[in-house]
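The values are calculated or read from the model by the stated rules, or taken from the named source; none is laboratory data. Every value quoted in this text rests on a predicted model; they were computed, and no experiment measured them. All Cβ positions, glycine included, derive from the backbone under ideal geometry; neighbour counts span all protein chains shown. Note: areas computed on protein heavy atoms with side chains; ligands, DNA, RNA excluded. Shrake-Rupley method; radii C 1.70, N 1.55, O 1.52, S 1.80 Å.
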Amino acid sequence: MSKPNFCLVSSDDVQYHVHRQALGRSSSNLFNLLLKNESSASVPEKSAVLSIILHAIYEMSFGSAECGPSLSALITSVNLFPKYGLEAKTCLKAGTHLYNAVFDYSPHTPLLVFTFAARLDLEDLAVASSEYTLSCTPNDITEGMLNDIGTRYLRRLFQLQRRRTEALRNLLLAPLQLHPSVKECPPAVQVRTNNDWKRATASLVYTAHPTMSCQTIDATYKLVVDHVECEHCRENINSRVKSLLVDWSNEKVS
């Protein structure tokens, strides 16, 4: 890349030597007309914000979430994109450093990231961050978030939660397969074992939620297995639980 030929000075007097052509290609308004100046321009933004904007233009890494800018700073900077003629959907494409910097906050502040993505109609970011919103409830969503998310993304958010809960219940309600009657385990014993299975299943179905862990499911059915003496019944239950856990682990989360 050629040498920088333009200087931007932040409101806290930090200088950024940049390429006029690079900014011009990314901006639809000559970077808020600042590029009309001959060689330098003052920017009414602090360095923390201007740095993020320039990182987005140059597609530079922000480093890890621990060392990089805060989510608040990232959102503030993106909110200024229209002012400087930048397109959020371009700068925040999946795989870009800016996208990754925002997404890295999803495990810690999923609703904030999802709200941000929904407000700007950033489909990839909204879908990716929705995985971490599964434990969120309507009470977690403020009025401001509600307005930013909008009806379309809000509907999708709760449809995902409902779909996962229904999928879990369907997996749980599949009947336990009984083995052919043998001397050591007559039909009456199998009926008792099956009833214990049904009671365990009923408790899981009643408390089912989108983020129910495999450990919870396994521990619930283990209480049934621990009271079963027939080896055939134990094998059937363990096989059924193993299959259930695999299917639940593979269930779509976003």
Which of the residues spanning region 225-244 are closer than 13 Å to Trp197 by Cα, under 37 Å from the mean Cα position of the chain (by Cα) and crowded, with 17+ Cβ neighbours inside 10 Å?
Val225, Asn236, Ile237, Val241
Just need a number here: residues in region 150-175 that are open to solvent by less than 90 Å² (accessible area, probe 1.4 Å) and of a type in the set (S, T, N, Q).
3
Out of curiosity, is Ser77 part of a helix (DSSP H, G or I) and open to solvent by 20 Å² or more (accessible area, probe 1.4 Å)?
no
Kindly indicate whether Asn147 is open to solvent by 40 Å² or more (accessible area, probe 1.4 Å), in a helix (DSSP H, G or I) and either touching a residue at least 40 places away in the same chain (Cβ under 8 Å) or not charged (D, E, K, R) (or both).
yes
Can you find a residue in region 160-177 that is assigned to a loop (DSSP other than H, G, I, E, B) and free of Cβ contacts under 8 Å to residues at least 12 places away in the same chain?
yes
Looking for whichever is in contact with a Ser or Thr (Cβ under 9 Å, 6 or more places away or on another chain) and outside any helix (DSSP H, G or I) here; the options are Thr216, Thr211. Which one fits?
Thr211
All but one of (1) more than 33 Å from the chain's Cα centre (by Cα); (2) open to solvent by 20 Å² or more (accessible area, probe 1.4 Å) hold for Lys89; state the number of the condition that does not hold.
(1)
Taking region 127-144 and the residues there that are out of contact with any Lys or Arg (no Cβ under 8 Å at 6 or more places or on another chain) and hydrophobic (A, V, I, L, M, F, W, C), the one that is most open to solvent (accessible area, probe 1.4 Å) would be Val127
Among the residues of region 92-101, write down those that are within 15 Å of the chain's Cα centre (by Cα) and outside any helix (DSSP H, G or I).
Ala94, Gly95
Residue check, Val18 against (1) over 19 Å from Thr109 (Cβ atoms); (2) out of contact with any Pro (no Cβ under 9 Å at 6 or more places or on another chain); (3) of a type in the set (A, V, I, L, M), all met but one. Which one?
(2)
Taking region 176-188 and the residues there that are hydrophobic (A, V, I, L, M, F, W, C) and open to solvent by less than 40 Å² (accessible area, probe 1.4 Å), the one that is modelled with the highest pLDDT would be Leu176
Selection count where residues are part of a loop (DSSP other than H, G, I, E, B), over 11 Å from Gly85 (Cβ atoms), open to solvent by less than 50 Å² (accessible area, probe 1.4 Å) and modelled with pLDDT of 95 or more, scope region 20-65
2
If I go through region 222-241 residue by residue, how many of them are in a helix (DSSP H, G or I) and either closer than 16 Å to Leu178 by Cα or touching a residue at least 60 places away in the same chain (Cβ under 8 Å) (or both)?
13
Do the conditions hold for Arg199, that is, is it under 23 Å from Val127 (Cα atoms), open to solvent by 60 Å² or more (accessible area, probe 1.4 Å) and assigned to a helix (DSSP H, G or I)?
no
